[in-house]
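**Student:** Attaching a single structure in structure tokens format; questions to follow.
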Amino acid sequence: MNSETLLDTIPSLDLADFLSDNPERKEKFVQDLGAAFNNIGFVAIKNHGLTNDDTEKLYDNVQKFFFSPDELKMQYAIEGIAGQRGYISKGKETAKGFKVPDLKEFYHVGQPKIDDGDPIWEEYPDNVFPKEQPDFEEYTLHTYKTLENAGKTLLKAIALYLELPEDYFEEKVKHGNSILRAIHYFPILNPEALPEGAVRAAAHGDINLITLLMGASAEGLEVLRADGVWIPITSLPDYVVVNVGDMLDRLTNHKLKSTIHRVVNPPKEKLGTSRFSIPFFMHPRSEMNLTCLESCIDATHPKMYVDMTAGEFLNERLIELGLKK
């Protein structure tokens, strides 16, 4: 598959191939992953480590929280941290370049702190968990760690595809600034009253290195193909959908594509229903240098991006999203 091939669906891969003892299987996974990321920027991955039971328990907890009264949820909205932990209420996040906020509310869980003397912990706010739901912390943190591990494995494959050492990303993502985001796209009860252009998630690229999206009520997710056609992503059971974020796009000088995607409003008969989605945004440490790799720059692919660190880039984007002043 070259980058010009137009796909109607995203490729599906098995992480067990990369972890196998068979060098051919491993190499094929690396090349297939790289080709998909070079073309459409999205793949579906199975054998990521999350069980259906894990997913169900997490979704039960998340739904219970979002269906709680607003005054309870607002107890977990924390001022002054640009929405990096806890509850972020409706109307807070606007996609880059859009005037109208997305139709969603969400909850952020970040890197759980450990006492190992790493200075990075000073950069992160503490996690906050709803005390009304004792299981919420257990299931979100279990999911966080499971998807972080899957993400680290995928980054090894990406490093090999880029002809870098397999552990190139390892230290860069150790205690990285990753976020598990539980999203509730609330029912649209009065569509006539919506501001013009208001959608569940306006067209955007993700900020981070890679995103791992747990399957669930995934109807509505669409990806913008190179020819300008939006293609729907249906989430397969047992798979997570993985896409390239803007940081990896910058690092690879757009060789690996951060593809624009969106969540459209449901058809009329489903406007009154909720949609839940739980992406894991894999971020590196703030000091990671995102300067384009020399190997990704040549006469036909001149350098596209100015040099900056991951921390500087994140800060810029949080301001653009309206989460930070």
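The values are calculated or read from the model by the stated rules, or taken from the named source; none is laboratory data. These numbers come from a predicted model, not from an experiment. Cβ sites come from the backbone with ideal geometry, for glycine too, and all protein chains shown count toward neighbours. What goes into the accessible areas is simple: the full protein's heavy atoms, side chains included, and nothing from ligands, DNA or RNA. Shrake-Rupley method; radii C 1.70, N 1.55, O 1.52, S 1.80 Å.
**Student:** Does any residue of segment 84-101 turn out to be on the phi > 0 side of the Ramachandran plot, out of contact with any Asp or Glu (no Cβ under 9 Å at 6 or more places or on another chain) and touching a residue at least 24 places away in the same chain (Cβ under 8 Å)?
**Tutor:** Yes, there is a match, as at least one residue in segment 84-101 is on the phi > 0 side of the Ramachandran plot, out of contact with any Asp or Glu (no Cβ under 9 Å at 6 or more places or on another chain) and touching a residue at least 24 places away in the same chain (Cβ under 8 Å).
**Student:** For segment 2-30, what are the residues that are among the hydrophobic types (A, V, I, L, M, F, W, C), part of a loop (DSSP other than H, G, I, E, B) and surrounded by 14 or more Cβ atoms within 10 Å (Cβ to Cβ)?
**Tutor:** Of everything in segment 2-30, those that are among the hydrophobic types (A, V, I, L, M, F, W, C), part of a loop (DSSP other than H, G, I, E, B) and surrounded by 14 or more Cβ atoms within 10 Å (Cβ to Cβ) turn out to be Leu7, Ile10.
**Student:** So, one more: Given the conditions (1) in a loop (DSSP other than H, G, I, E, B); (2) of a type outside the set (Val, Ile, Thr); (3) open to solvent by 30 Å² or more (accessible area, probe 1.4 Å), and given that Pro284 satisfies all but one, which numbered condition is not satisfied?
**Tutor:** (3)
**Student:** I've got another one for you. Which members of segment 310-321 meet the condition of being closer than 17 Å to Asn253 by Cα and either acidic (Asp, Glu) or in contact with an Asp or Glu (Cβ under 6 Å, 6 or more places away or on another chain) (or both)?
**Tutor:** none
**Student:** Within segment 31-40, is there a residue that is open to solvent by 40 Å² or more (accessible area, probe 1.4 Å), under 19 Å from Leu256 (Cβ atoms), at pLDDT 95 or above and of a type outside the set (A, V, I, L, M)?
**Tutor:** At the first step, the residues of segment 31-40 found to be open to solvent by 40 Å² or more (accessible area, probe 1.4 Å) are 31-32.
After this cut, where a residue has to be under 19 Å from Leu256 (Cβ atoms) as well, the list is 31-32.
Those still in the list that are at pLDDT 95 or above too: 31-32.
In the following step, the residues that additionally are of a type outside the set (A, V, I, L, M) were identified as 31-32.
Checking segment 31-40: at least one residue is open to solvent by 40 Å² or more (accessible area, probe 1.4 Å), under 19 Å from Leu256 (Cβ atoms), at pLDDT 95 or above and of a type outside the set (A, V, I, L, M).
This table checks each residue for (1) aliphatic (A, V, I, L, M); (2) over 18 Å from Lys324 (Cα atoms); (3) within 17 Å of the chain's Cα centre (by Cα); (4) open to solvent by 70 Å² or more (accessible area, probe 1.4 Å).
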{"residue": "Lys73", "(1), (2), (3), (4)": "no, yes, no, no"}
{"residue": "His108", "(1), (2), (3), (4)": "no, no, yes, no"}
{"residue": "Ile114", "(1), (2), (3), (4)": "yes, yes, no, yes"}
{"residue": "Trp121", "(1), (2), (3), (4)": "no, yes, no, no"}
{"residue": "Tyr124", "(1), (2), (3), (4)": "no, no, no, no"}
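**Student:** In addition: Applying the selection to segment 130-161, what residues are open to solvent by less than 50 Å² (accessible area, probe 1.4 Å), in contact (Cβ under 8 Å) with a residue 40 or more places away in the chain and not hydroxyl-bearing (Ser, Thr, Tyr)?
**Tutor:** Once the filter is applied, which keeps residues that are open to solvent by less than 50 Å² (accessible area, probe 1.4 Å), in contact (Cβ under 8 Å) with a residue 40 or more places away in the chain and not hydroxyl-bearing (Ser, Thr, Tyr), segment 130-161 yields Pro130, Gln133, Phe136, Leu147, Glu148, Ala150, Gly151, Leu154, Leu155, Ala157, Ile158.
**Student:** Return the total of residues in segment 142-165 being more than 16 Å from the chain's Cα centre (by Cα) and either of a type in the set (Phe, Trp, Tyr) or more than 17 Å from Ala16 (Cα to Cα) (or both).
**Tutor:** Count: 7.
**Student:** Report yes if some residue within segment 222-236 is open to solvent by 40 Å² or more (accessible area, probe 1.4 Å) and in contact with a helix residue (DSSP H, G or I) (Cβ under 7 Å, 6 or more places away or on another chain); otherwise report no.
**Tutor:** No, there is no match, as no residue in segment 222-236 is open to solvent by 40 Å² or more (accessible area, probe 1.4 Å) and in contact with a helix residue (DSSP H, G or I) (Cβ under 7 Å, 6 or more places away or on another chain).
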